[in-house]
Amino acid sequence: MRLSGKRAIVTGAASGFGKAIAETFAREGAQVGVLDVNREGAEAAAAAIGPAALALPCDVTDGAGVAAAVARAAEAFGGLDIVVNNAGWTHLNRPMLEVDEAEFDKVYAINVKAIFLMAHAALPVMRAQGTGGVIVNVGSTAGIRPRPGLTWYNGSKGAAHILTKSMAAELAPEGIRVCALAPVIGETALLERFMGVPDTPENRARFVATIPLGRMSQPRDIAGAALYLCSDEAAFLTGVILEVDGGRCV
């Protein structure tokens with residue numbers, strides 16, 4: 001198993017990409033903290049995974065809550081080797097001046113500030129162990145090839161990508177690797193917000209037409225990429241923004 005003996009936390013893990021990542025990590029031998037603001041969802045996902053999973057109800061924008069969740073996981077697992085900052089949010093697809101300040105703040109709190117808060121909570125644990133670690137931030141193709149209508153979201157994912165590279169450069173001497181995933185639009189609960197139109201076959205077709213491999217991303221695609229980046233097979237990779245996009249960014 002590719003993550004045998006590893007201890008991980010995945011945020012936004014009650015559904016979508018995060019749930020698939022948590023399930024995959026557990027299947028590959030890791031203990032997994034299923035962190036999500038949706039308490040019932042986190043508990044259900046952890047229960048479905050089994051004894052290797054621990055539900056961590058938590059708002060990723062709450063520093064004290066994140067610190068408590070990390071401490072609880074580290075105590076239960078005996079340490080922490082992997083963090084996947086997957087939780088994300090977007091404003092509705094619309095002209096940039098139609099997005100209000102409250103929505104802007106929510107996007108940046110979940111997509112950017114949460115990385116800051118998790119670093120403050122998780123890095124001391126990894127450093128104390130002295131055995132390195134892996135952090136994977138879930139960015140987006142929106143931070144590489146942005147679409148109109150998602151301007152502020154695009155900026156938040158661009159920030160996540162630059163943070164990934166800067167963290168990688170700073171933490172490399174300690175053996176802590178930091179990479180990011182850049183998924184293309186996917187079949188998740190946020191799909192209609194990204195599209196800005198109802199989720200119909202016709203509207204999906206407009207977006208799929210921009211993806212050379214001819215489909216949207218699915219949770220299993222993102223989970224497989226996360227597994228690779230967090231495994232020993234990627235031991236010499238850091239600062240990488242891995243495009244999981246069916247060729248969208250070509």
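Derivation of every value follows stated rules applied to the coordinates shown; laboratory data play no part. Computed from a prediction, not measured in an experiment: that's the story for all the values here. So basically every Cβ, Gly included, is an ideal-geometry build from the backbone, and we count neighbours across all protein chains shown.
Placing +1 on the Cβ of every Lys and Arg and -1 on the Cβ of every Asp and Glu, with no other charges, gives the chain a dipole of roughly 440 debye about its Cα centre. Size descriptors for the chain (Cα atoms only): Rg and Dmax, in that order, 17.1, 53 Å.
Per residue of the chain, the DSSP helices (runs of n ≥ 4 H) give a summed -39500 (n - 2.57) that works out to -13500 deg cm²/dmol at 222 nm.
Taking other Cβ atoms within 10 Å as a rough exposure proxy, Tyr228, Tyr153, Tyr108 sort from fewest to most as Tyr228, Tyr108, Tyr153. Relative to the longest principal axis of the chain, what angle (0 to 90°, nearest 10) does the C-alpha long axis of helix 39-49 take? Rounded to the nearest ten degrees, it is 70.
Amide H to amide H, with H built 1.01 Å from N, Leu56 comes under 5 Å of Val34, Leu35, Asp36, counting only residues 5 or more places away or on other chains. Once the Cβ-Cβ distance of Glu101 and Arg145 is raised to the sixth power relative to R0 = 30 Å, the FRET efficiency obtained is 0.70.
Counting beta carbons within 10 Å around each of Thr200, Thr210 and listing the fewest first gives the order Thr200, Thr210. In terms of surrounding Cβ atoms within a 10 Å radius of their Cβ, Ser166, Ser4 rank from fewest to most as Ser4, Ser166. Between Glu202 and Ala68, the FRET efficiency from the beta-carbon distance, with R0 = 45 Å, is close to 0.45.
In straight-distance terms, cross-link reach from Lys106 covers every one of the lysines whose alpha-carbon lies under 18 Å from its own, apart from those fewer than eight places away in the same chain; here that gives Lys157.
I need the shape label for segment 27-89. Rule: rounded when a/c is under 1.5, else prolate if a/b > b/c, else oblate, with a, b, c from the alpha carbon gyration tensor. Oblate shape, in that a/c is at least 1.5 and b/c is the bigger or equal ratio. Between Ala169 and Leu213, full extension at 0.36 nm per residue minus the direct alpha carbon distance yields a gain of 12.6 nm. Between Glu187 and Cys249, full extension at 0.36 nm per residue minus the direct alpha carbon distance yields a gain of 20.5 nm.
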